[in-house]
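Enquirer: Encoded as structure tokens, here's the structure I'll be asking about.
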Amino acid sequence: MGCPCDWPEPVVRVQSLSENGESIIPERYIKPPSDRPTLNNSSLSDINIPLVDLSGLTDGDLTVRESTKNQISIACREWGFFQVINHGLKAELVDGVREIWREFFHEPMEVKQKYANLPLTYEGYGSRLGLQKGAILDWSDYYFLHYLPSSLKDHRKWPDKPSSLRELVEEYSKEIVRLGNSLLEVFSINLGLRRDYLQNKFGGEDIGACLRVNFYPKCPQPDLTLGLSSHSDPGGITFLLPDENVSGLQVRRNEEWITVKPVRHGIIVNIGDQIQVISNAIYKSVEHRVIVNPNKERVSLAYFYNPKSDLLIHPAPELLTPEAPSLYPSMTFDEYRLFIRTRGPQGKSQVESLKSPR
């Protein structure tokens, strides 16, 4: 399957649309009524995704460690999302890396345009996902970059302004990969697999890690559009550093949309499609989307911890039984990612369409 080397239409920066002061958004950002957000659902305002204190994995006694692992297991099986605190990342790093990216998005346009991206890799400064001509677009800009494998990391494709951005992203990336290694081990143990099973299936130390920084400008009609359409993440694990001052992430649960309430210096973890496949749907990748705000911009960092791109991913044989046969065919992550990249966000239809006929 080939991928075009350019976008099907001229790229418009959403931040520029927001800053021009218009009270009506362009038609190409208006979602169909069935996809528009329902804002201020008071009956769901007290519900939040599970919160897990990761210090229990290292600092607690056996009972505390087992309780923490059980909390993670329940979150992976029932929610596909949870929020972690005491994760080992310093507060000043978490705050600093988010705010330096906010500064980048407020650099002059000529600074950002030097890094304008193309659909073949998505790396750089972008404003759309998917290649369908005439598609309804999301109200967001973003920056995408590679960290691992090292053969894909190219600091020249990372912004050189603000001046300390590259150094901060390097430090943050190292810490997120450490956290990913730790959680993959917990997931393996919780699934009844060897503790290094998932890490080995991901490629050992030769994994993929990439960052998408999301910038959601103020929107004059937030009830008509979305910052990011409903989707499940195609990779392994996603680590989201949210904007603590502006909620926006919504998670689908029991046909309702739950607005996630970030905790101070917390990181949101969610299961990707590759973990759903390997676990044979014991762990679920869950639909989520982003709503926008009429008065405030929002910045978030989504770090994707992925399998090595050319390894075949399929359900773990140890988890298969006559009552629970394999649900998915083998496919490399590269094949799956390209399958999605051409279509853009499509709810849960990507991974569900792969299920083997029964």
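The values are calculated or read from the model by the stated rules, or taken from the named source; none is laboratory data. Just so it is clear, the model here is predicted, and its values are computed rather than measured. Note that each Cβ is placed from the backbone with ideal geometry, even for glycine, and that neighbours are counted across all protein chains shown. Quick note on the areas: whole protein, heavy atoms, side chains included, nothing else; ligands and nucleic acids left out. Shrake-Rupley method; radii C 1.70, N 1.55, O 1.52, S 1.80 Å.
Enquirer: Within segment 170-178, is even one residue buried (at least 20 other Cβ atoms within 10 Å of the Cβ), among the aliphatic types (A, V, I, L, M) and out of contact with any helix residue (DSSP H, G or I) (no Cβ under 8 Å at 6 or more places or on another chain)?
Expert: yes
Enquirer: Residue by residue through segment 297-331, note down the ones that are among the acidic types (Asp, Glu) and part of a loop (DSSP other than H, G, I, E, B).
Expert: Glu297, Asp310, Glu323
Enquirer: Restricting the search to segment 96-120, which residues are within 28 Å of Arg337 (Cβ to Cβ) and either of a type in the set (Asp, Glu) or open to solvent by 60 Å² or more (accessible area, probe 1.4 Å) (or both)?
Expert: Gln113, Lys114, Leu118, Leu120
Enquirer: Can you pull out the residues in segment 316-337 that are more than 30 Å from Gly130 (Cβ to Cβ), without any contact (Cβ under 8 Å) to a residue 60 or more places away in the chain and of a type in the set (A, V, I, L, M)?
Expert: If the condition is that a residue be more than 30 Å from Gly130 (Cβ to Cβ), without any contact (Cβ under 8 Å) to a residue 60 or more places away in the chain and of a type in the set (A, V, I, L, M), then Leu320, Ala324 are the ones that fit.
Enquirer: Also, quick follow-up: Just for segment 1-42: of the residues that are within 30 Å of Asn254 (Cα to Cα) and open to solvent by 90 Å² or more (accessible area, probe 1.4 Å), which one is modelled with the lowest pLDDT?
Expert: Only one residue fits best here, namely Ser42.
Enquirer: At pLDDT below 95, under 17 Å from the mean Cα position of the chain (by Cα), open to solvent by less than 40 Å² (accessible area, probe 1.4 Å) and farther than 25 Å from Leu152 by Cα, is that true of Ser230?
Expert: yes
Enquirer: Then there is this: With Asn270, Asn306, Asn280, Asn293 as the choices, which residue is open to solvent by less than 50 Å² (accessible area, probe 1.4 Å), farther than 21 Å from Tyr142 by Cα and modelled with pLDDT of 95 or more?
Expert: Step by step, each of Asn270, Asn306, Asn280, Asn293 is checked, and only Asn280 is open to solvent by less than 50 Å² (accessible area, probe 1.4 Å), farther than 21 Å from Tyr142 by Cα and modelled with pLDDT of 95 or more.
Enquirer: Additional query: Take the residues in segment 236-267 that are touching a Lys or Arg at 6+ places or on another chain (Cβ under 8 Å) and part of a loop (DSSP other than H, G, I, E, B); name whichever of them is surrounded by the most Cβ atoms within 10 Å (Cβ to Cβ).
Expert: Out of the qualifying residues, it is Gly248.
Enquirer: Which of the following residues is out of contact with any Gly (no Cβ under 9 Å at 6 or more places or on another chain), free of Cβ contacts under 8 Å to residues at least 60 places away in the same chain and surrounded by fewer than 16 Cβ atoms within 10 Å (Cβ to Cβ): Asp154, Asp206?
Expert: Asp154 is the lone residue from the list that is out of contact with any Gly (no Cβ under 9 Å at 6 or more places or on another chain), free of Cβ contacts under 8 Å to residues at least 60 places away in the same chain and surrounded by fewer than 16 Cβ atoms within 10 Å (Cβ to Cβ).
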